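Nothing in this text is a laboratory measurement; each read-out follows from the coordinates by a stated rule. Quantities reported herein were computed from a predicted structural model and do not represent experimental measurements. Don't worry about glycine lacking a Cβ; one is built from the backbone with ideal geometry, like all the others, and counts go over all protein chains shown.
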Amino acid sequence: MIGKTQISLTVNGEAFDAYVEPRMLAADFLRDELGLTGTHVGCEHGVCGACTITLNGTSARSCLMLAVQLDGMDVQTVEGLGTTRRMHRIQEAFREHHALQCGFCTPGFLMTVRDVLDTLPLRDDEEIRDALSGNICRCTGYDHIVKAVRTLVNERDGIPNL
């Protein structure tokens, strides 16, 4: 195809081959071409975290990447976490702790939490807040989000939740 670049990637465990415009953003590709609208576009400057996905297991801002950069990658979006019938434990913890209100920021938080649970010790609430500082929520005040993550950290580390 003239003016387009072919990419091959895996998204939520499914292989895709596509032709994309060289300047198409990864977020736009996921939303518009693959229909994965859980990847939200907020600021388009990488500040709010609503567009967070994981690339080969590490969280990344899809609004700061081009679709051509996804070539060869293993991409996970919030749609790959779970469903309403079978939620991922992170989604359950957010629900249990009322860690969402309008829900716009939630997909980005969920994907960030997935990454930081795998990579950071998160020894106290200050470390949790620091790990989540790249995601902005305008509704919750963050306390419920921190409680949800604290529950997940305690489960990960074998510490009883009180």
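Summary table below
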quantity: Scan of region 72-100 for residues that are part of a loop (DSSP other than H, G, I, E, B), closer than 17 Å to Leu34 by Cα and either more than 15 Å from the chain's Cα centre (by Cα) or not β-branched (Val, Ile, Thr) (or both), ordered by number; calculated: Gly72, Met73, Leu81
quantity: Given (1) part of a loop (DSSP other than H, G, I, E, B); (2) crowded, with 18+ Cβ neighbours inside 10 Å, index of the condition Val113 fails; calculated: (1)
quantity: Given (1) in contact with a Leu (Cβ under 9 Å, 6 or more places away or on another chain); (2) closer than 30 Å to Ala18 by Cα, index of the condition Asn56 fails; calculated: (1)
quantity: Candidate set: region 137-154, residues that are over 16 Å from Leu110 (Cβ atoms) and either in a helix (DSSP H, G or I) or of a type in the set (Phe, Trp, Tyr) (or both); chosen: the one nearest to the chain's Cα centre (by Cα); calculated: Asp143
quantity: Single condition Glu79 does not satisfy, out of (1) under 23 Å from Val149 (Cα atoms); (2) surrounded by 15 or more Cβ atoms within 10 Å (Cβ to Cβ); (3) touching an Asp or Glu at 6+ places or on another chain (Cβ under 9 Å); calculated: (3)
quantity: Every residue from region 126-140 that is surrounded by fewer than 15 Cβ atoms within 10 Å (Cβ to Cβ) and either in contact (Cβ under 8 Å) with a residue 24 or more places away in the chain or touching a Gly at 6+ places or on another chain (Cβ under 7 Å) (or both); calculated: Arg138, Cys139
quantity: Selection status of Gly80, in contact (Cβ under 8 Å) with a residue 24 or more places away in the chain and of a type outside the set (Ser, Thr, Tyr); calculated: yes
quantity: Matching residues in region 38-69 - criterion: being surrounded by fewer than 19 Cβ atoms within 10 Å (Cβ to Cβ), aliphatic (A, V, I, L, M) and over 22 Å from Ser8 (Cβ atoms); calculated: Val41, Val47
quantity: Leading residue by the ranking (farthest from Gly38 (Cα to Cα)) among those in region 52-67 that are polar (S, T, N, Q) and not in a strand (DSSP E or B); calculated: Asn56
quantity: Enumeration of residues in region 141-162 that are more than 14 Å from Ala93 (Cβ to Cβ) and in contact (Cβ under 8 Å) with a residue 12 or more places away in the chain; calculated: Tyr142
